[in-house]
Structures are given as structure tokens and as C-alpha cells.
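Data block below; observations after.
The values are calculated or read from the model by the stated rules, or taken from the named source; none is laboratory data. Keep in mind the model is a prediction, meaning the values are calculated, not measured. Cβ coordinates were reconstructed from backbone atoms using ideal geometry, including for glycine residues, and neighbour counts include every protein chain displayed. Note: accessible area is taken over every heavy atom of the protein model, side chains too, but ligands, DNA and RNA are not part of it. Shrake-Rupley method; radii C 1.70, N 1.55, O 1.52, S 1.80 Å.
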Amino acid sequence: MEIKTITICGGGNAAHAMIPIIRKHFSGQLNLFLPYGDEANHFQKLINEKRFLTATIKDDKLYGRPDKVSKFAKEVCQEADLILMPLPAFAHEHTLLKMVPYLKEDAIIGAIPARSGFEYAALKILKDNHKEKVKIFGMQTLPWACRITEYAISVNILGKKKSVGMAAFPHQITSELSSFLSHVLDLKIEPLPNMLTLTLANVGQIIHPGIMYGLFKGKEQKKYKEDEIPLFYQGVTKEIATTLKAISDEILVLTEKIKVRNKNINLDYVLGLKDWLIYSYESSIADQSTLQNCFTTNQAYQGLRAPVKKENDYFVPDFQARYLTEDVPFGLVVIKSIAQLAEVQTPVIDEIILTISQWMQKEYIKGGFLKGKDIKDARIPQNYGIKNLEEITIY
Ligand code: NAD
């Protein structure tokens, strides 16, 4: 695997964190594809003025800038051996569509994080555009918690995970690609056996909608003063922890059913939520005795508040926040769709999707089935022509 040119897509928090990290560990060409708004202009200015983007990680600072930036895929994707998409899941498809005509035959393209069902959309787009040789991968989560402090100038990396899972298709490239990504992202990357693991082990789809449901169900209209905005992770009560465990357990039951149906598939890396928290955050959790305590005593989660928006002098829950718009149609709804194919009941997940869909003014489930008017926008396998469980387990 020879990677001479890397192109990063998008100019958000995650892309800002990646640029100085990759620059430190990769001496090849580093491009940036920024089709959104005027993002490209900001980075072009950085290049023109020969300044650097600064990433602050605790007491350490890293500096870097891309070699080339463009609003147009033709200018920054044609040479790319590896394309990284640190984007919200709802941006994956239209970004892929812009790039696909220009992808090299043997390029590798991946989503960081993948969220659920990335492979269904990516492989369909590649096939429709006769680019079947392009390889894909996804990472289970974003390795860092990061926030831009000044656009195209500085980013704060608040925390870094101990290790992040990565799966690729075709599977043969996983080991070599994970070694390469470990090196350039400066992080332990755990090779995962298949992309289905990424979907089943997508913890964001449990944590984000699950906590929002627990915090705001029955309190949808409540107004909060600034100092009353609920803490998100530290706000996990015993009852919310019970809901989170129930979602996680339904996904584990689905995982077991898939294993029974397909004896050859390795889904050993799909962990229960508590086990995943302990595995990923290890020393930053002070008390690992209960799931609730894994949230409330996790140093990495301290002080983060629930998403709200300002209304006059008060704050109200923000039901258009990424925690819902990303983690429901590109998360829980995908799980529900796979559960339907596997004939597994998911009553808790259904209740959460139904309640949150109303908050978001969307309709995914109708009459108990994924037949709501907005289901076309969810990344379920059925929307990409996949109609049975066997096909899903190939990837
Ligand atoms: P962000 O909002 O900072 O970045 C979004 C970028 O995506 C934009 O700058 C733009 O370049 C691009 N984009 C393309 N289409 C878009 C659209 N329709 N709407 C908005 N942006 C669009 O996001 P981020 O914080 O960099 O997060 C990237 C991914 O990482 C998301 O999946 C997020 O959930 C996940 N994540 C982020 C963090 C974090 O700390 N930032 C932590 C965990 C997971």
C-alpha cells in the first residue's frame, strides 16, 4: 500500500484536529477538499500567508497546514491515494457524489467516524459510477474530542481515546491500512473483522438519543436558565442508565441472532455499552461499578451540557442537534432496519425512535414498520437495494 497523497474532506472540528496530527507523521502531499460555504477561502489564506494551524493537546502544541485546498474535487481528489472524511454522517453521501468521478481506481476512502451503514451508501455510489475497485473503510468513533478555537487558525484537542476500531472492505486491506492510520493519526487503531461491526458497535447511537430521551421525555417544553441547562453525561440518572442498558442489550440480542444465522461472521468486537466505556476510557472513569457511574465519574465527560437553543431569556432543548439528526437516521433507525431483516424485536429502540422522530418532526416508523415518510433519508440497507441479512454480512 503506497500512500503518497492524502485528501481530507471537510473543514470542521475533526478536520482541524487531523491536519497538524497528520502533518507531523506524514511527509507526502496533504490536500483539503472543502466544497462547503467559504471554508476553502480561509484555508487558502493560511497557505498563501504560509502560516500554520495550531492544535493544542494539553501542554503540547502541533503545527501544520495542507499543501493544497480547493472547493472542487477535481483539483484535490484526483491524485489522492487515501481520502479521509471526518464529517457528520448526513454529509457522507453528497460529499462522495462530488468526489466519485475523480477518484483514482485504487483509491481508499473512509469515514471517521463511520456511524451506521456507511458501506451501504458508499458501495452503491462506487458501483453506480463504475468505481468498484475503490476500497472503503470506517472508524468506530472519532479519536478525539475537539473544538475549533479560531477557524483555520487553531483547534483545541480536549481528549484522545486510548484506541479506536477500524474496519475496511475488502477485508484484506484492514491490517495494512490500520497500521498506516495508526502511524499518521498517532493512535492505536484496532483492526475490526467487518463493517457490520461498526454499525452494531456504534455507541453514539445508544448514548446520544438515549440520554436525550431520558433528559427531555415529558419535559419537551421546559425552559432553562443558563445555569440550569442539564449536564449531559453527568446528568445520567439510574433510570437513564437503565434505558441505555436496554438499548445496548437489544443490539446484543440482534448481534447474537446474526451470529446464529451466519456462523462464519465474527462479531466478537460488538461490546455492551458498559464494557465499551471501560475499554475506551479506562483510567478516566473513577468508579466503574455501575453504568451510571461510568458516565457520571468519567473525567472526559465532565461539564458537558445537553444541546439547547436560546429562546428569549431562556434555553430550550435543541431537537435539531447532531445528537439526534445524526444518531437517529444514521444510527438507531439502521439498527431497527437490520433487526427487521433478522426478525428481532426492539421495543425500547422503537419507543425511542418514535418519540425522538416527533421531536425532530420526522417520521421513520409507521404502523410498526419502517415505512414513514422520511425513511428515504435514513441510511438503512433497504434504501440501497439490500433486502436480506446475508448480503449485509458480506461487508
Ligand atoms: P463539524 O460540525 O465541526 O464539521 C462539519 C464539517 O462538515 C463542516 O465544516 C463542513 O466542512 C462539513 N459539512 C459538509 N456537509 C455538511 C452539512 N450538511 N452540514 C454541516 N457540515 C457539513 O463536525 P465535527 O465536530 O468535526 O464532527 C465530525 C464527526 O465527528 C461527526 O460525525 C461528529 O458527530 C463526530 N464527533 C465529533 C466529536 C468532536 O469532539 N468534535 C466527538 C465525537 C464525534
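Annotations
- Peptides 78-85, 158-165, 383-390 ordered by packing proxy, namely the average of other Cβ atoms within 10 Å per residue, highest first: 78-85, 158-165, 383-390.
- Probing with 1.4 Å while keeping every protein chain in the model, the per residue accessible area of the chain equals 44 Å².
- Restricting the stretch 1-48 to chymotrypsin sites (Phe, Trp or Tyr not before Pro) that sit in a DSSP loop and have at most 13 other Cβ atoms within 10 Å of their own Cβ leaves nothing.
- What the Cα atoms of the stretch 145-188 give is an Rg and a Dmax of 13.9, 40 Å.
- A straight Cα-to-Cα reach below 17 Å connects Lys223 with the lysines Lys309, Lys310, residues fewer than 8 places away in its own chain not being considered.
- Rolling a 1.4 Å probe over the protein heavy atoms of the stretch 68-158, with every protein chain left in place, gives an accessible area that is 53 percent carbon and sulfur.
- Rounded to the nearest 5, the antiparallel percentage of DSSP beta bridges internal to the chain is 45%.
- Across the stretch 72-165, the fraction of Cα-Cα pairs farther apart than 16 Å, rounded to a whole number, is 58%.
- With N the number of residues in the stretch 136-262, Rg(Cα) / (2.2 N^0.38 Å) evaluates to 1.33.
- As an equivalent ellipsoid, the chain spans semi-axes of 31, 27, 21 angstrom, where each value is the square root of five times an eigenvalue of the C-alpha gyration tensor, largest first.
- Histogram of C-alpha separations across the stretch 1-85, 5 Å bin width, %: 3, 15, 27, 27, 18, 7, 2, 0
- Residue pairs exceeding 21 angstrom between C-alpha atoms, taken from Lys263/Lys376; Lys71/Lys98; Lys104/Lys188: Lys263/Lys376; Lys104/Lys188.
- Span from the the stretch 240-264 Cα centroid across to the the stretch 150-210 one, whole angstrom: 21
- CD proxy at 222 nm, helix term only [per DSSP H run n ≥ 4: -39500 (n - 2.57); per residue of the chain; nearest 500]: -11000 deg cm²/dmol
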